[in-house]
Amino acid sequence: MKKRLLTDTELAECNALKRIYNAKKKELGLSQEKVAEAFGMSQTAISMYLNGLNALNVMSAARFSSLLKEPVSSFSPRIAGTIERLAKINVATDATPENIDEGVSLSPIKVWDDATPLSDDEVYVPFLREVELDAGSGRYSIEDNDSSLLRFAKRDLRNNNVQFSNARCVTVRGNSMFPVLRDGATVGVNTGKTSLGDVVDGDLYAINHNGQLRVKQLYRLPTGLRFRSFNRDEYPDEDYTYQDIQHQQISLIGHVFWWGMFAR
């Protein structure tokens with residue numbers, strides 16, 4: 001498929017971002033390699049944003065804004081306006097046709113509760129939880145929590161190559177993955193992907209660390225694995241050799257294919 005050309009507005013946004021980046025990179029000690037590492041992206045992806053080959057979106061604009069310590073409006077008033085509208089929207093009262101940009105089509109909102117039966121295109125996905133093996137022993141295992149379930153559309157699981165029986169949900173605890181994943185965020189995990197050899201550098205994985213449930217970015221190293229948090233100021237990288245992985249009973253629960261959370 002031929003790559004879409006950027007609009008004049010999108011190209012102007014990339015050019016404005018590049019000017020700000022060039023003006024501040026020395027002051028902030030930045031390079032494209034360091035930006036790529038902070039974003040968990042490839043250096044090529046960062047270059048494509050700065051050189052107008054990929055259009056900026058809300059997530060990338062917010063990341064550049066945070067790193068460069070400049071408001072999104074300084075390089076993209078368009079995206080800044082989108083972020084402002086998203087921050088103010090109230091689904092019950094504001095999601096009306098007059099507030100929606102032309103060309104955007106929304107499906108009807110369906111009201112349901114816990115008693116609403118599953119449709120033919122839905123499945124229940126159980127949560128995983130830490131369970132103490134012996135009272136007061138401090139040893140835990142990770143088990144299904146069938147009393148806590150989340151609905152997923154079968155088509156969404158199929159589109160992400162997740163077998164229904166391999167789908168699980170995990171609740172993120174703490175602020176190590178902030179700002180991408182807040183405390184209390186829910187992630188969907190494909191438990192069919194548990195091989196260390198299949199780890200994709202920079203992707204998110206749910207991990208069983210001696211009975212503790214963790215969600216981290218993973219990177220393969222010649223000697224083992226690197227765990228990375230988004231909040232690297234408070235949580236530095238953790239490197240584990242293959243011997244550490246065995247001794248500390250570290251194993252992959254699965255690959256994170258989805259996440260969601262409330263803004264608060």
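The values are calculated or read from the model by the stated rules, or taken from the named source; none is laboratory data. Computed from a predicted model, the values in this text were never measured in an experiment. FYI the Cβ positions are ideal-geometry reconstructions off the backbone, even for glycines, and counts take in every protein chain you see.
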Exercise. In this structure, does Glu234 turn out to be farther than 23 Å from Tyr140 by Cα and more than 14 Å from the chain's Cα centre (by Cα)?
Worked result: yes
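Table: residues versus (1) of a type in the set (Lys, Arg); (2) surrounded by 15 or more Cβ atoms within 10 Å (Cβ to Cβ).
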{"residue": "Thr9", "(1), (2)": "no, no"}
{"residue": "Glu13", "(1), (2)": "no, yes"}
{"residue": "Ile20", "(1), (2)": "no, yes"}
{"residue": "Lys25", "(1), (2)": "yes, yes"}
{"residue": "Val35", "(1), (2)": "no, yes"}
{"residue": "Met41", "(1), (2)": "no, yes"}
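May I ask you to list the residues in region 174-199 that are part of a loop (DSSP other than H, G, I, E, B), in contact (Cβ under 8 Å) with a residue 24 or more places away in the chain and more than 18 Å from Met59 (Cβ to Cβ)?
Within region 174-199, Asn175, Ser176, Gly184, Thr191, Gly192, Lys193, Thr194, Ser195, Val199 meet the criteria.
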Exercise. Among helices (runs of 4 or more DSSP H) lying entirely in region 23-110, which contain 3 or more residues that are touching a Phe, Trp or Tyr at 6+ places or on another chain (Cβ under 8 Å), at pLDDT 60 or above and closer than 25 Å to Pro236 by Cβ?
Worked result: 58-68
Exercise. What residue, of Arg168, Arg155, is outside any loop (DSSP other than H, G, I, E, B), modelled with pLDDT of 90 or more, among the basic types (Lys, Arg) and closer than 26 Å to Arg226 by Cβ?
Worked result: Arg168
For this session: With respect to Phe178, determine if the residue is out of contact with any strand residue (DSSP E or B) (no Cβ under 9 Å at 6 or more places or on another chain) and either surrounded by 14 or more Cβ atoms within 10 Å (Cβ to Cβ) or closer than 16 Å to Phe257 by Cα (or both).
Result: yes
